[in-house]
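Below is one structure, written out as structure tokens, with a few remarks after it.
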Amino acid sequence: MATSTLADGRQVTVFEDDAAMSKELVAAVTAAAKENIAAKGCFSLCIPAGSVVSALKALSPEAVDWSKVSVFFTGERLGVNKSYEAALTAFCTNCEITNVYAPLLRPLFAGGAGLPEWAVKEAAGAYTALLKSHPAIDNSGPVPSFDMLLLGVGEDGHCGSLHPQSAHIKAAGDGTITFGIAKEGKNQIAISMDVMNASKKVILAATGAKKGDALRRALSGDFEKHNLPSGLVKCQKTLWYADKASMGDYKV
């Protein structure tokens with residue numbers, strides 16, 4: 001494991017493999033939870049789905065007072081709640097975390113199929129209201145600030161539910177908190193880049209050779225503004241976790 005610091009303050013840690021990265025991810029979440037609970041009595045964690053969350057299955061139920069931890073989501077399929085279920089399976093049930101906040105739909109729309117656009121926007125508005133009022137989240141600034149945000153990085157450089165050249169990534173800087181994205185067969189909510197960058201600590205994880213191009217462009221800044229969402233993530237403390245396969249021969 002080797003760590004370098006870029007000129008803009010972002011840190012890059014390169015691990016031998018995915019297993020080593022997962023171990024460090026568990027350690028980082030555990031340490032952040034302990035630190036924040038000691039300092040303010042609670043800890044807010046925002047997570048995606050996928051391999052990043054799967055890595056958290058190794059979190060120890062005894063390591064932290066998990067009753068003081070609140071879990072939120074970077075994005076969620078409305079009515080399907082894939083991210084929510086993944087979090088329960090990976091670590092929330094084992095650690096007995098009950099403060100896990102999936103977006104809500106009216107009972108009429110349970111299942112999420114055939115949602116009207118207004119229902120998607122309503123769910124996003126409700127999640128925005130939750131983030132702006134939850135006591136575990138710092139709302140002293142213009143947008144909610146999580147204690148820790150975890151992000152996976154896609155082959156195209158997307159992160160959370162923000163994709164290249166989308167209207168949602170082009171809205172960065174306008175103060176939006178949560179987007180409601182209405183699409184046939186895939187209705188979802190997504191937190192904005194503004195919220196990502198307001199977080200106190202962000203870890204972006206990129207593993208495998210297929211992520212190499214996105215990783216290189218994000219770290220070097222070699223991309224047009226709206227073409228690589230993960231490259232726009234720059235908060236108080238931004239950490240990139242990579243493995244040797246994703247780094248390839250790229251040097252920071």
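The values are calculated or read from the model by the stated rules, or taken from the named source; none is laboratory data. The shown structure was predicted, so the numbers you read here are calculated from the model rather than taken from an experiment. Using ideal geometry, Cβ is built from the backbone for each residue, glycine included, and neighbour counts are taken over all protein chains shown.
Yes or no, residue by residue, for (1) surrounded by fewer than 20 Cβ atoms within 10 Å (Cβ to Cβ); (2) free of Cβ contacts under 8 Å to residues at least 40 places away in the same chain:
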{"residue": "Ser199", "(1), (2)": "no, no"}
{"residue": "Ala209", "(1), (2)": "yes, yes"}
{"residue": "Leu219", "(1), (2)": "no, no"}
{"residue": "Cys235", "(1), (2)": "yes, no"}
{"residue": "Ser246", "(1), (2)": "no, no"}
{"residue": "Asp249", "(1), (2)": "yes, yes"}
{"residue": "Val252", "(1), (2)": "yes, no"}
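Give me a count of the residues in region 53-82 that are under 30 Å from Glu117 (Cα atoms) and among the β-branched types (Val, Ile, Thr).
4
For Ser67, state whether it is among the hydroxyl-bearing types (Ser, Thr, Tyr) and surrounded by fewer than 22 Cβ atoms within 10 Å (Cβ to Cβ).
Considered against the rule, which asks whether it is among the hydroxyl-bearing types (Ser, Thr, Tyr) and surrounded by fewer than 22 Cβ atoms within 10 Å (Cβ to Cβ), Ser67 comes out as yes.
With the checklist (1) modelled with pLDDT of 95 or more; (2) part of a helix (DSSP H, G or I); (3) surrounded by fewer than 20 Cβ atoms within 10 Å (Cβ to Cβ); (4) not hydrophobic (A, V, I, L, M, F, W, C) in hand, flag the one item Glu122 doesn't pass.
Looking at each condition in turn, Glu122 falls short on (1).
Can you tell me which residue within region 34-52, out of those that are modelled with pLDDT under 95 and outside any loop (DSSP other than H, G, I, E, B), is farthest from the chain's Cα centre (by Cα)?
Ser51
Listed residues Ala172, Ala190, Ala136; which is modelled with pLDDT under 95 and buried (at least 17 other Cβ atoms within 10 Å of the Cβ)?
Ala172
Among what's in region 93-119 and is exposed (fewer than 13 other Cβ atoms within 10 Å of the Cβ) and in a helix (DSSP H, G or I), pick the residue that is modelled with the lowest pLDDT.
In this case the residue turns out to be Leu108.
Look at Ala31 and say whether it is in contact (Cβ under 8 Å) with a residue 60 or more places away in the chain, surrounded by fewer than 17 Cβ atoms within 10 Å (Cβ to Cβ), in a helix (DSSP H, G or I) and not basic (Lys, Arg).
no
Any residue at all in region 156-165 that's assigned to a loop (DSSP other than H, G, I, E, B), closer than 23 Å to Ser51 by Cβ and touching a helix residue (DSSP H, G or I) at 6+ places or on another chain (Cβ under 6 Å)?
Yes, there is a match, as at least one residue in region 156-165 is assigned to a loop (DSSP other than H, G, I, E, B), closer than 23 Å to Ser51 by Cβ and touching a helix residue (DSSP H, G or I) at 6+ places or on another chain (Cβ under 6 Å).
What is the number of the single condition among (1) over 16 Å from the mean Cα position of the chain (by Cα); (2) farther than 19 Å from Leu130 by Cα; (3) surrounded by fewer than 20 Cβ atoms within 10 Å (Cβ to Cβ) that Met21 does not meet?
(3)
Got at least one residue in region 2-21 being basic (Lys, Arg) and either within 26 Å of Pro103 (Cα to Cα) or part of a helix (DSSP H, G or I) (or both)?
No, region 2-21 contains no residue that is basic (Lys, Arg) and either within 26 Å of Pro103 (Cα to Cα) or part of a helix (DSSP H, G or I) (or both).
Take the residues in region 69-92 that are in contact (Cβ under 8 Å) with a residue 40 or more places away in the chain and not in a strand (DSSP E or B), then tell me which one is farthest from Lys121 (Cα to Cα).
Ala87
Could you figure out which of (1) under 27 Å from Ala136 (Cα atoms); (2) polar (S, T, N, Q); (3) assigned to a loop (DSSP other than H, G, I, E, B) isn't true of Ser230?
(3)
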